[in-house]
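To start, the structure under review is shown below, and the notes come after it.
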Amino acid sequence: MRVIRACHELGIRSVAVYSDADRQALHVRLADEAYPIGRASPRESYLAPAKLLDVARRAGCDAVHPGYGFLSESADFADAVRDAGLVFVGPPGDVQRRLGEKTQARRLAAEAGVPVADGTADPVRDLEQARLEARRIGYPVMLKAAGGGGGKGMRAVASEAELAAAWRMSSGEAAGAFATSALFVEKLIERARHVEMQILADAHGGVVWLGERDCSIQRRHQKLIEESPAPSVDEALRERLGEAAVRIARAAGYQNAGTAEFLVDARGAFSFLEVNTRLQVEHPVTELVTGLDLVALQLRIAAGEPLPFTQSDVRRRGAAIECRVTAEDTHRGFVPATGRIALLREPAGPGVRVDSGLFEGLVVTSDYDPLLMKVIAHGADRTEALARARRAVRETIVAGVPTSLAFHAHVLDEPDFVAGRYDTGYVSTHWPPRSPARLDDSAATAAALVAVLASRGRAAGRPVASPDGAWSRAGREEALR
Amino acid sequence: MIYEVTVGERRLRVEIASDGRFLVDETVVPAEAVETRRGWQWSVRIAGRSHEVTVLTSDPLRLLVDGNETEASALDERAAAASRGAGAVRGGHHELRAPMPGLLKTVHVAEGDVVERDAPLMTLEAMKMENELLAPARGRVVRLAVGAGTKVERGAVLAVLEEAD
């Protein structure tokens, strides 16, 4: 969707692919051309390079944009695209290989003079070696997949007693999600904030940083809220993070849009985590603050154009905050939920952007990521951005499947978050809320009435209370007395 | 018909009288409700206050009331009386149910095995995350309802355990 929008603006013909589960998806309907690539299971469709390249050839494509899931960080796929005589919109395969294997990326960053958290220099071979390394580094530690990110294979381990079980689950996840099941061990930095820096690099040596995003509001090491500027980052730290990201990009020979992720501890010291060699889900935050279209810039860079501006031309204005609305039951540990979207109202109004693939009738399955839509708000400062985000989230209605909207509404109003006092432990300490928002008498009465009407409708197998039904008229008469 | 209704932590008695009037805790409420989406959403006016109420999910019933999510339930009096009578699960048996929809990746036990409380029984993969399902109590696995490689829905019974001493 996001890429198709940029293509339409630039006058580029767009070709979409879809699995059997996505025939009705919005990206299929909006694209100029669309081709089926197989069954719902990703391995038989979106993760099948041969099928994707076959469509690209048949449709006469010039370039392939990998989006931000699936094969977007696959060096082999980037190579395969190039070998097929097409342009890959992203960093070349060898650059991805340099940064995609996490222990190698850590080494590269260290050599570029960027601080790196204590950890294993290479992937660890087995549980026994992990035990030794974890002892050397000192608990708590993180187990991480060497082959990729997205929270998969990642686990905090507080003590040696937990290591074996964590090792087993993380290996299994990594094997399922990445090319390698290899894991490595890293020192866990407690009470840290997850801050990342957006960069752009062209094929002519031009590299700029655009600003940071705080992505500390996470569950299962996956982000739920991102904002820029980060409340904890001042101008001096911002420049140091920006320069660090640019140094890493130069050392790797980076091209296209990318993100360097850092952990910032309570004292403002930072350490490098990894580079995401793709467009990120949360890129709209940076787009709203800088006024740039990152996807359009990705396409221009891929076409061989130099960056149309330099570092000193980059302006950041105001603040932006993104809520990732997911299909999850936030009251039962954020377990993924499924269902059919029965009713949808997307927010609008000043300073609000919605990136969404939702439509009424969409069946949310467990085949793909639970992300439903992103609600992004921009304001002249953080206070205005928060007010708009709060307003937009409360205006949003998604019925038919449990969503994270109540979580977002709560956090946007919660004093610690509003004050910018939060770190990666926030969700576990602030959710579920101790005292849920209480309805006033009038609202509770309205809810009680609807609870009855909805239950009666279901019991009778049909909706009750048409607008002109007898009791509704009676109510109106009461209201006029 | 009279209903026993809960909204969040409140309990209310709601009656829709035969003349269509709406009573809460035996007091007539001047309410006007317009169904804006069949079965899913109502606009309710009470003495000039305007409320929008959307059914988010029906089982369990969750409502969105002017942007606030709340749990709710409505039972007619007969059903309410019946549900108070029921409730006891068969003594000594524990059902392991799928906490989320997903793919049952591995089954770590066999029927007849005696397992400790919190022993991993199965691994359920959902959204590419692996979740170990643990034994709710020490007991003997009397039934495995599904095998590895099966896609399961939320709430599906996966195994039955008989408490062991």
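The values are calculated or read from the model by the stated rules, or taken from the named source; none is laboratory data. The structure presented is a predicted model; accordingly, all values stated were derived computationally and were not measured. As a convention, Cβ positions derive from the backbone with ideal geometry for all residues, glycine included, and neighbour counts pool all protein chains shown. Only protein heavy atoms, including side chains, enter the accessible area calculation; ligands, DNA and RNA are left aside. Shrake-Rupley method; radii C 1.70, N 1.55, O 1.52, S 1.80 Å.
Assorted remarks:
- Where B:A17 falls short, out of the listed (1) touching a Lys or Arg at 6+ places or on another chain (Cβ under 8 Å); (2) modelled with pLDDT under 90; (3) small (G, A, S): (1)
The rows are residues; the columns are (1) within 9 Å of chain B (Cβ to nearest Cβ); (2) buried (at least 24 other Cβ atoms within 10 Å of the Cβ).
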{"residue": "A:T383", "(1), (2)": "no, no"}
{"residue": "A:T403", "(1), (2)": "yes, yes"}
{"residue": "A:A409", "(1), (2)": "yes, no"}
{"residue": "A:Y422", "(1), (2)": "no, no"}
{"residue": "A:G425", "(1), (2)": "no, no"}
{"residue": "A:S435", "(1), (2)": "no, no"}
{"residue": "A:R438", "(1), (2)": "yes, no"}
{"residue": "A:S442", "(1), (2)": "yes, no"}
{"residue": "A:V450", "(1), (2)": "yes, yes"}
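- Any hit, the range A:287-300, residues being assigned to a strand (DSSP E or B), surrounded by fewer than 23 Cβ atoms within 10 Å (Cβ to Cβ) and in contact with a Cys (Cβ under 9 Å, 6 or more places away or on another chain): no
- Hits in the range A:193-209 (condition: more than 15 Å from A:E274 (Cα to Cα), of a type in the set (A, V, I, L, M) and in contact with a Ser or Thr (Cβ under 8 Å, 6 or more places away or on another chain)): A:V208
- Considering residues of the range B:1-26 that are outside any loop (DSSP other than H, G, I, E, B), within 7 Å of chain A (Cβ to nearest Cβ) and touching a residue at least 40 places away in the same chain (Cβ under 8 Å) only, the residue nearest to A:S435 (Cα to Cα): B:V7
- Yes/no for A:R278 being in a helix (DSSP H, G or I) and either within 14 Å of chain B (Cβ to nearest Cβ) or surrounded by 22 or more Cβ atoms within 10 Å (Cβ to Cβ) (or both): no
- Among the residues making up the range B:148-160, those that are over 13 Å from A:T338 (Cα atoms), open to solvent by 40 Å² or more (accessible area, probe 1.4 Å) and either touching a residue at least 60 places away in the same chain (Cβ under 8 Å) or in a loop (DSSP other than H, G, I, E, B) (or both) are B:A148, B:G149, B:T150.
- Residue check, B:A145 at pLDDT 85 or above and surrounded by 14 or more Cβ atoms within 10 Å (Cβ to Cβ): yes
- Residue count for the range A:228-262, restricted to those that are among the small types (G, A, S), open to solvent by 10 Å² or more (accessible area, probe 1.4 Å) and free of Cβ contacts under 8 Å to residues at least 60 places away in the same chain: 1
- Close pairs (7 angstrom Cβ cut-off, 6 or more residues apart or separate chains): within 18 Å of A:G172 (Cα to Cα) in the range A:118-140, of a type in the set (G, A, S) and surrounded by fewer than 16 Cβ atoms within 10 Å (Cβ to Cβ) anywhere: A:L127/A:A164
- Filter pass, A:L273 being part of a loop (DSSP other than H, G, I, E, B), in contact (Cβ under 8 Å) with a residue 12 or more places away in the chain and more than 30 Å from B:L56 (Cα to Cα): no
- Evaluated against (1) open to solvent by 70 Å² or more (accessible area, probe 1.4 Å); (2) more than 14 Å from A:V452 (Cα to Cα); (3) in contact with an Asp or Glu (Cβ under 9 Å, 6 or more places away or on another chain); (4) within 7 Å of chain A (Cβ to nearest Cβ), B:V29 falls short on exactly one condition, (1).
- Residue within the range B:116-123 that is open to solvent by 30 Å² or more (accessible area, probe 1.4 Å), at pLDDT below 85 and not aromatic (F, W, Y) present: yes
- Of the residues A:I199, A:I225, the single one that is crowded, with 24+ Cβ neighbours inside 10 Å and in contact (Cβ under 8 Å) with a residue 24 or more places away in the chain is A:I225.
- Residue satisfying all of: in the range B:48-65; more than 23 Å from the chain's Cα centre (by Cα) and facing chain A (nearest Cβ under 7 Å); surrounded by the most Cβ atoms within 10 Å (Cβ to Cβ) among these: B:H51
- Test: residue in the range B:141-153 that is basic (K, R) and more than 23 Å from the chain's Cα centre (by Cα): yes
- Residue check, B:M100 modelled with pLDDT under 85, more than 30 Å from A:S435 (Cα to Cα) and surrounded by 19 or more Cβ atoms within 10 Å (Cβ to Cβ): no
- From the list A:R394, A:R353, the one residue that fits, being outside any loop (DSSP other than H, G, I, E, B) and more than 20 Å from B:N68 (Cβ to Cβ), is A:R353.
- Subset of the range A:301-337 (residues that are assigned to a strand (DSSP E or B) and either more than 14 Å from chain B (Cβ to nearest Cβ) or in contact (Cβ under 8 Å) with a residue 60 or more places away in the chain (or both)): A:A319, A:A320, A:I321, A:E322, A:C323, A:R324, A:V325, A:T326, A:E328, A:D329
- From the list A:R39, A:R58, the one residue that fits, being part of a helix (DSSP H, G or I), at negative phi and open to solvent by 20 Å² or more (accessible area, probe 1.4 Å), is A:R58.
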